[in-house]
1. Are any residues in the range 234-256 of a type outside the set (A, V, I, L, M, F, W, C), over 24 Å from the mean Cα position of the chain (by Cα) and surrounded by fewer than 17 Cβ atoms within 10 Å (Cβ to Cβ), and if so, which ones?
2. Say whether the condition of being in the same structural domain as GLY557 (by TED's automatic domain parsing), in contact with a Ser or Thr (Cβ under 7 Å, 6 or more places away or on another chain) and of a type in the set (A, V, I, L, M, F, W, C) is met by at least one residue in the range 450-457.
3. Looking only at the range 308-322, which residues are among the aromatic types (Phe, Trp, Tyr) and out of contact with any Cys (no Cβ under 9 Å at 6 or more places or on another chain)?
4. Residues that are more than 30 Å from GLY568 (Cα to Cα) and either touching a residue at least 40 places away in the same chain (Cβ under 8 Å) or in the same structural domain as VAL494 (by TED's automatic domain parsing) (or both): does the range 376-388 have at least one?
5. Any idea which residue in the range 323-365 is surrounded by the most Cβ atoms within 10 Å (Cβ to Cβ), counting only those that are charged (D, E, K, R) and closer than 21 Å to SER90 by Cα?
6. Looking at (1) part of a loop (DSSP other than H, G, I, E, B); (2) in contact with a His (Cβ under 6 Å, 6 or more places away or on another chain), which is the one condition that is false for ARG379?
7. Taking only pairs six or more apart or across chains, which ones have beta-carbon atoms under 7 Å, a first residue in the range 291-309 that is outside any loop (DSSP other than H, G, I, E, B), and a second residue that is among the small types (Gly, Ala, Ser)?
Amino acid sequence: MHGGERIAEVLKAQGVEFLFTLCGGHISPILVAAKQRGIRVIDTRHEVTAVFAADAVARLTGRPGVAAVTAGPGVTNTITAVKNAQIAQSPVVLLGGAAPTALTGRGALQDIDQMALFRPHVKWAKAVGRVKDLAPAVERAFAESLSGTPGPVFVECPVDLLYEEALVRDLYGAKGDGKSRGGRNLADRAVQFYLDWHVNRLFAGADQPHTSTKIVAAPPAPDPAKVARVAQKLAQAERPLLLVGSQALLDAPNAAALADAVEALGVPVYLSGMARGLLGQGHELQMRHQRRNALREADLVILAGVVCDFRLDYGRHIRQGATLISANRSRADLTKNRRPDIGLLADAGLFLRELAAKAPGPGRWSDWRAQLRRRDEEREGEIVEQSLQPTDKVNPLHLCREIEQKLGKETILVADGGDFVGTASYIISPRGPLTWLDPGAFGTLGVGAGFALGAKLCRPDAEVWILYGDGSVGYSLSEYDTFVRHGIPVIGVVGNDAGWTQIAREQVEMLGDAVGTVLAHTDYHRVAEGFGAVGLRLDDPELAGEVLSQAQSAAAGGKPVLVNAILGKTDFRKGSISM
């Protein structure tokens, strides 16, 4: 059994269904062995997409997503996606090829110090040095990625650990001058002696069997005494508010139980990140607008997997007199920028489930909920009114309302963009738990194709939509080739306003120059057609519903689709940049 097969055995034992990759000779044995064991190998057009896809698998299943990429530029191409996974706290296992161990630092192909690059951006990194250590290292990678606060891990797998021993010995035996060993000079014999010793060391103990067992990590439980204190504080509150973030959904299999707990609490709630859609569409407890005003009025605020970072103005959105409760798996995030009155170092979702069992119940705070609901409805009315205003092309608010009407109960939405996606977040409602994927706090563009790829593979019966900005679509448009080759019928909608509009709004007003923010009404749909997908252009607002229905029909027939929606300009999100 060669090294690639040893790694594939561990992947199989861990329940891995998909291995995302872009091929390279350094990792070929892993890919072939994985395929032989029934793991579906999905090759992408850029390594960053492979890691984004693995990230999506992790978010939707709660199990680590896995990507394998070749050495040098293969691994460096993944850094953005790895960092995004770290900040989003997604358990991702990245397997990276590497130059032959005996040639490290000697100018071998694609040989760089990969460990120095990855250590700051992963929970755990390991450079494997012997064949016998491959399987234990990969197995530990799964454990590390899931424990405590989940995150990405990196395992460096040198090429000479992955191939058959005989082939590796031939490789190193060919380093002499081609003459018989007896005819070589002393220097050649010394080199060959070292290489023989080195190969013996690489394969020492490789015949020892290794049995991999599936890694399971229980979510960290909250302190029962603190849960009881929170329940007591909640019972005394008159205007409580709950904020639920992505981290509360890390325990993905229990998403439905979390939704039941939030409903049982009866506290008005704002959902963000992966928590969007937790309560379904139009739930009476969920508020979508005027969150800052609500936080200023609340007398008790519960942050469930939410950090006091730029999104909460570093904690300043919450008034000083309010009782602040925070549950977070990360000790650093628990107290970042503002220390809570009661802090629970625990899984936020599990905390809410336990709190619901002790809390006073949903019958309270009806006046407070009604006050917030009235404000929400007023804002909804304003948005509807703005969506009816004519623009020179398609009003983006109108387009988002048309998309909202097309979505089914199983739809998964992937958000990849700035201004258009920000507009969509006000209008489009995810239909259920784990049906919204966005990059998270890192604000990364380019996640669209990878997230959609992972989502559609995990939920083949769901309709998967990518909401693209015309800036972000440039990062992953080539992955329509991947969608076509692998039969992944996703629907992409490009909000094409010919610019990096979220940046231009502020830049032009403050600096008086649009430099670097101007794009064109490019025919992105024709690019998708060139890859074998269905491309549709939408520039007439009255045809929006019809074109979107065509897209759905094509996807239902097994074809990936890209709708190129030519947008007019609005000032809907003026002043929306936050840092």
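1. Result: GLN236, GLU238.
2. The answer is yes; a qualifying residue exists.
3. PHE310
4. No, every residue in the range 376-388 fails to be more than 30 Å from GLY568 (Cα to Cα) and either touching a residue at least 40 places away in the same chain (Cβ under 8 Å) or in the same structural domain as VAL494 (by TED's automatic domain parsing) (or both).
5. ASP347
6. Result: ARG379 passes all but (1).
7. Taking only residues 6 or more apart or on different chains, the pairs are LEU300/ALA237; LEU300/ALA322; VAL301/ALA322; LEU303/SER326; ALA304/GLY245; ALA304/ALA248; ALA304/ALA327; ALA304/ALA348.
Here's the yes/no breakdown for (1) of a type in the set (D, E, K, R); (2) surrounded by fewer than 17 Cβ atoms within 10 Å (Cβ to Cβ); (3) touching a His at 6+ places or on another chain (Cβ under 7 Å):
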site	(1), (2), (3)
ASP43	yes, yes, no
VAL51	no, no, no
ALA58	no, no, no
THR61	no, no, no
VAL66	no, no, no
GLN86	no, no, yes
ARG106	yes, yes, no
LEU109	no, yes, no
GLU139	yes, no, no
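The values are calculated or read from the model by the stated rules, or taken from the named source; none is laboratory data. Since the model is a prediction, treat every value here as computed from it, not as a measurement. Methodologically, a virtual Cβ is constructed for each residue, glycine included, from the backbone with ideal geometry; neighbour enumeration extends over all protein chains shown.
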